[in-house]
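K.L.:
Pasting a structure below so you can have a look.
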Amino acid sequence: MNTQTDTSLIRNFSIVAHIDHGKSTISDRILELTHTVEQRDLYKQMLDSMDIEQERGITIKSNAVRVLYDADDGKQYQFNLIDTPGHVDFTYEVSRSLAACEGAVLVVDATQGVEAQTVSNALLAMNADLEIVPAINKIDLPSAEPEQVRAEIEEVLAIPADDAVCVSGKTGEGIHDLLESIVYLIPPPTGDASAPLKALILDSYFDAYRGVVAMVRIFDGSIRAGDRLLMMAEGQPFLAEEVGVKRPLEQPLPQLGMGEVGYLVTGLKDPALVKTGDTITGESRRCVEPCPGYHEAKPMVFTGIFPVDNKYYENLRDALEKLKVNDPSLTWTPETSVALGFGFRVGFLGLLHMEVVKERLEREFDLDLIATSPSVDYHVYLTDGQMIEVTSPQDLPVPEKIERIEEPYLKATVIVPPDYVGAVMQLLVDHRGTSTDMVYLSEKSVEMHFDIPLAELILDFFDQLKSRTKGYASLDYEFSDYAPSPLVKLDILLAGEEVDALSFIVHRDKAYQLGRGLCDKLKEIIPRQQFEVPIQGAIGNKIISRSTVKAHRKDVLAKCYGGDITRKRKLLEKQKEGKKRMKSIGRVDVPQEAFLAVLKVDDE
Amino acid sequence: MSIGALYVHVPFCARKCSYCDFASEATRADDPRMDGYLDERIAELDRCRGLGMLGSCKTAYLGGGTPTFLGAARLGTLASRIRTSCPNLTEFSCEANPDSLTEKVIATLRDAGVTRISIGVQSLDDEELRCLGRIHTADQARACVTVAVTAGLNVSVDLMCAIPRQTDESWQQTLHEVIALGVGHVSVYPLAIEEGTPFGKRYGDDTPPWNDEDVQARRMECAERLLAAADLIRYEVASYARDGRQCAHNIAYWTGVPYLGLGPGAASMLDAPTYEVARDLFDWLPPRPHDASRMRFSTLDAEVEFLSAREAWAEDLMLGMRLTRGIEEGRLEAVPDTRDDLLARGLVERAGGRLVPTHDGWLLGNELFAALWDCR
């Protein structure tokens, strides 16, 4: 029985945009207009199913939804709408999703114009040979300038924008035109339905009952439930237990044919075996070449994560393992700190990823956690010729044993109005960045390219960029290479005791400034205690900065309202609750946020 | 089954002060609800007496709100009923505000059996009083204190420190004047910015410079020094008295004496036998769990806190440390770690078989109290 859909009626596409340009609202409108989701059932941004995604308005996981569109030509088309992550931390995931498409709808905010991720996403889409359908969104806003934005798209991206559709995700205006454009502009998939199976894994998630479920795009061949299949990179055979599509709830089908996108229940219980970007083929009848572009997601940022109370160490491990099930990019190794006890050094794709994971650990697993300053993966060359990777300041060997340290550099792009070029240049100088070139995209925007150490970017670079450019600048980056730098370890002493969890690897020339900044910031964060607490910054044995938390002078409830002791005691208990969330280091009670103080040091 | 102390709450004021979050309501002097209130309290007192609760009650306290806002007639009636309901009173205090503490009210209170008057002076600087939202002047305060002292009553004044406009000099000035007025008792409270009050709304979680903890500490230390020089010795966190003028009712709160509060917002602390009797008085009181040895409740919350014997014991330790004389060292024998820790931290010291709070233990009392309450 041949159930292969006529491929000329299939359109696979992504919607890409700079953050907040309205990608998710347009997706919602498409679901609504094609009656995939009835309005009454539609909750805001249907595709983003995780709490935190909804709260922050960002997409973390990829997803693919099938919608059936009755076009003006009288035919019914199968649209596979592939939603991609929308943040620079998840560039690899985006590239895999795009590889599953023939086209991309490029959403540009009619009030903001082209921004950094508009450019980077458009470039990713063009590199993936996708047909781009520009959509100018938010045209319902009074400040919308669609003609200006159209010109920018042509000028900056060299994409013909005559066909750009003006839409409003909010009111639904123009969405019908957009759907028609998708039919006419985006080519149908091509492939060989009778060739051996070749399917790309876009993403996967874990289902407690069925194991790992992969989202796949079929390039050649087909998958039927019951087929014996193979993960090519992993070399893992498995049985296709079920296939189907999301509309957006799962709907099982007898098969997924060539050109289609859907889900595949693998029955595998270990999420590590199902990797985004891997190729699925037949166990016995294998395709010759896997899908190109596969590599393992590599963590960029590392932090120590410790339970405030060490008895929750095992709970933290369990929680990490549970999260990893749906987030295979998470990596960790056990870490021990004199100050914080037992915890983990966790690797993340970026700072946003780190924040989201920490928040989920605390919220979904009810853990009180301390995160330490983010670090990158340093390559430390020892005098004996050996190279070691150091992701935690406390693992840095003594200076005598170090020949040199190399740190990861990024190629970064900032798009900013010309008025702010000077401010960005200054920021680059402050953060050891070097400008490589600068292109005027239009009268209104300049694209600046520069090299910058990743370690600088993960501190307050992005916040500073936003504040120094009044929010106009947008940033995008990718890893480039390792390069040597004169780096030193800055230690912090509280009441004369070195606190390993507060140590930080920093460029020699910035150590003094950061030492001062950290001492001052910690003085603000650490509450007054019964005794004066000196805070010192040190490199080796040399003290380079200091500040002092004054001793507590008065902490007593004097007034007694007609013998209301209960109220007094409740206040005491509330105070104690606050203390419990702090970490006792020696005699000093240190609040959790102190360990991330380095992120809040204002270097001005 | 009798209590040791009685508190009667008068929840009316001419105006609500900017810092006050206690149960009281600003109203007109002719508010008819005051009569209804009076009838309720008198009825309660009669029932208490009928139940035999007041036989050994040693101290009574008419607090506010502003008791003197009731006016001489109503206040006289209430005070007399309290006096006659408690045949064995040795101390009977009434709170007063300078704007309503007239000579007539003073005479009425004295005639009704009140022995002690606690006047809300707060400050003797008009500008500071205005900032607190007080409705009286410094001169009114001086005058009524003088009248009350002259009338032969034990007079206490309440003072506030770390308030807007206050300087070290104006604070000293207020203290000197109060001493010169010849009072036998002074209470000193640093202003606490409470949620929901005008100050709380204005400052939120921020601390204005005038209320900084260093300022509070400095003013409290200054008060202790100046008052001591005038033989007004600190006997509790916030209370100073000449010898023999300590407030017995106040001390009852810190020494585990059962007390009954009447009126909205009044707090009670009862032991098992007195609680059983009180259940006949307040029908909303739930039955006592068999392991509860101390009950605390306020009529406003209509909620009872049941404390086990161990909790009551820890609470007594904590409350005992509010007093300058501290507690007998033997009472901490069961918790030697806590005792040693408090000694090591310099919060308490030994004095004649007792553990007494040090200077730090006074100003950082919450550390001390929390450690003792943790012994429960």
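K.L.:
In 5 Å bins starting at 0, how do the alpha-carbon pair distances of the range B:1-149 split up by percent?
P.N.:
P(r) for the range B:1-149, in whole percents per bin: 2, 10, 19, 21, 19, 14, 8, 4, 2, 0.
K.L.:
Checking the cross-link filter: which aspartates and glutamates have an alpha carbon closer than 16 Å to that of A:Lys246, excluding same-chain neighbours under 8 positions apart?
P.N.:
Cα-Cα hits under 16 Å: A:Asp28, A:Glu32, A:Glu38, A:Asp41, A:Asp48, A:Asp83, A:Asp203, A:Asp207, A:Glu260.
K.L.:
Additional query: How many Cβ atoms of partner chains, on average, are near each residue of A:545-556 if near means within 10 Å of its Cβ? Intermediate values should be presented prior to the final figure.
P.N.:
Values: counts 0, 0, 0, 0, 0, 2, 2, 8, 12, 17, 11, 17.
Across the residues of A:545-556, the mean count of other-chain Cβ atoms within 10 Å is 6.
K.L.:
May I pose another question? Nearest 500 deg cm²/dmol is fine: what mean residue ellipticity at 222 nm does chain B get from its DSSP H runs of n ≥ 4 alone, each adding -39,500 (n - 2.57), divided by its residue count?
P.N.:
Counting only the DSSP helices, I get -12000 deg cm²/dmol.
K.L.:
On the principal axes of its Cα set, how long, how wide and how thick is the range A:147-217? Give whole Å, largest value first.
P.N.:
50, 33, 25
K.L.:
Could you give log10 I(q)/I(0) at q = 0.10, 0.19, 0.24, 0.25 Å⁻¹ for the range A:199-286, computed by the Debye formula over C-alpha point scatterers of equal weight, without solvent?
P.N.:
-0.19, -0.74, -1.27, -1.40
K.L.:
Still on this structure, I have one more. From Cα pairs below 8 angstrom and at least 6 apart in sequence, can you work out the relative contact order of the range B:266-307, rounded to a whole percent?
P.N.:
Relative contact order, the range B:266-307: 44 percent.
K.L.:
Sticking with this one: Which three numbers, in whole Å and largest first, are the semi-axes of the equivalent ellipsoid of chain B derived from its Cα gyration tensor as √(5λ)?
P.N.:
Three semi-axes, in Å: 30, 29, 20.
K.L.:
Give the lysines reachable from A:Lys170 as a straight Cα distance under 18 Å; neighbours fewer than 8 places away on the same chain don't count.
P.N.:
A:Lys23, A:Lys44, A:Lys138
K.L.:
Would you kindly give the portion of the calculated P(r) for the range A:395-449 that falls above 13 Å, as a percent of all Cα pairs? Please report the intermediate quantities before stating the final value.
P.N.:
Working: 981 of 1485 pairs.
Roughly 66 percent, rounded to a whole number.
K.L.:
Report, to two decimal places, the Cα Rg of the range B:170-327 normalised by 2.2 N^0.38 Å (N = number of residues).
P.N.:
1.28
K.L.:
A:Glu145 versus B:Glu103, label points 7 Å from Cα toward the beta carbon: distance in nm?
P.N.:
If labels sit at A:Glu145 and B:Glu103, their model points lie 8.2 nm apart.
K.L.:
Any idea how far apart A:Ala195 and A:Asp318 come out in nm if each label point goes 7 Å out from Cα toward Cβ?
P.N.:
Here the answer is 4.8 nm between the modelled labels.
K.L.:
Name the lysines eligible as straight-distance cross-link partners of A:Lys489: C-alpha to C-alpha under 20 Å, and not fewer than 8 places from it in the same chain.
P.N.:
Counting by Cα, and skipping residues close in sequence, A:Lys489 has these lysines nearby: A:Lys401, A:Lys510, A:Lys521, A:Lys542, A:Lys600.
K.L.:
Quickly work out the A:Thr336-to-B:Arg165 label distance, labels modelled 7 Å from Cα along the C-beta direction, and quote it in nm with one decimal.
P.N.:
6.4 nm
K.L.:
Give me the percent of DSSP beta bridges within chain B that run antiparallel, rounded to the nearest 5.
P.N.:
Values: 25 of 57 bridges.
Taking every DSSP beta bridge with both residues in chain B, the antiparallel ones total about 45 percent.
K.L.:
Next question, about the same structure. Set Lys and Arg Cβ to +1 and Asp and Glu Cβ to -1, take the dipole of the protein assembly as shown about its Cα centre, and tell me which of A:Gly174, A:His507, A:Ser545 lies farthest positive.
P.N.:
Positive-end residue among those listed: A:Ser545.
K.L.:
For Cα pairs less than 8 Å apart in space and 6+ apart in sequence, what is the mean separation divided by the residue count of chain A, i.e. the relative contact order in percent?
P.N.:
Answer for chain A is 10 percent.
K.L.:
Of all the Cα-Cα pairs you can form in the range A:427-502, what percent are over 14 Å apart?
P.N.:
Within the range A:427-502, distances greater than 14 Å cover 72 percent of Cα pairs.
K.L.:
Taking only DSSP H segments of four or more residues, each worth -39500 (n - 2.57), what value at 222 nm results for chain A once the sum is divided by all its residues, to the nearest 500 deg cm²/dmol?
P.N.:
Roughly -7000 deg cm²/dmol at 222 nm, from the helical runs in chain A.
K.L.:
Starting from 0.36 nm per residue, how many nanometres of slack lie between A:Val429 and A:Thr171 once their C-alpha separation is accounted for?
P.N.:
88.4 nm
K.L.:
Now for a different question. Report, as a whole number in µm² per second, the diffusion coefficient that Stokes-Einstein gives for the range B:321-373 at 4 °C and 1.567 mPa s using the Kirkwood radius over alpha carbon pairs.
P.N.:
Details: Rh = 10.6 Å.
My calculation gives 122 µm²/s for D.
K.L.:
Tell me, B:Cys222, A:Cys519 in order of fewest to most beta-carbon neighbours within 10 Å?
P.N.:
So the ranking, lowest neighbour count to highest, is B:Cys222, A:Cys519.
K.L.:
When all alpha-carbon pairs of the range B:247-376 are counted, what percent fall beyond 20 Å?
P.N.:
49 percent
K.L.:
Taking the radius of gyration and the Kirkwood hydrodynamic radius from Cα positions alone, what is the Rg/Rh ratio for the range A:435-564, to two decimal places?
P.N.:
On the way: Rg = 21.8 Å, Rh = 18.5 Å.
We get a ratio of 1.18 for the range A:435-564.
K.L.:
How much net charge surrounds A:Asn80 when only other residues with a Cβ under 12 Å from its Cβ are counted (Lys, Arg +1; Asp, Glu -1)?
P.N.:
+2
K.L.:
Which shape class applies to the range A:306-436: rounded if a/c is under 1.5, otherwise prolate when a/b exceeds b/c and oblate if not, where a ≥ b ≥ c are the square roots of the Cα gyration tensor eigenvalues?
P.N.:
Judged from the Cα gyration tensor, the range A:306-436 comes out oblate (a/c at least 1.5, b/c at or above a/b).
K.L.:
Also, quick follow-up: With 10 angstrom as the radius, rank A:Lys401, A:Lys523 by how many other C-beta atoms surround their C-beta, starting from the fewest.
P.N.:
A:Lys401, A:Lys523
K.L.:
Along its principal axes, what span do the Cα atoms of the protein assembly as shown show, with the longest given first and each in whole Å?
P.N.:
Largest to smallest, the principal-axis extents are 110, 69, 58 Å.
K.L.:
Using Cβ counts within 10 Å as a stand-in for footprinting exposure, how do B:Cys17, B:Cys57 rank, fewest first?
P.N.:
The fewest-first ordering by Cβ neighbours comes to B:Cys17, B:Cys57.
K.L.:
Based only on Cα atoms, what mean projected area does the convex hull of the range B:266-307 have, in nm²?
P.N.:
The number I arrive at for the range B:266-307 is 2.5 nm².
K.L.:
Relative contact order for the range A:466-589: what percent, with Cα pairs under 8 Å and sequence separation of 6 or more?
P.N.:
The normalised contact order for the range A:466-589 reaches 21 percent.
Values quoted throughout were computed directly from the atomic coordinates according to the rules given, and no laboratory measurement underlies them. Please read these numbers as outputs of a predicted model, since none were measured by experiment. Every residue, glycine among them, receives a Cβ derived from its backbone with ideal geometry; neighbour counts consider all protein chains shown.
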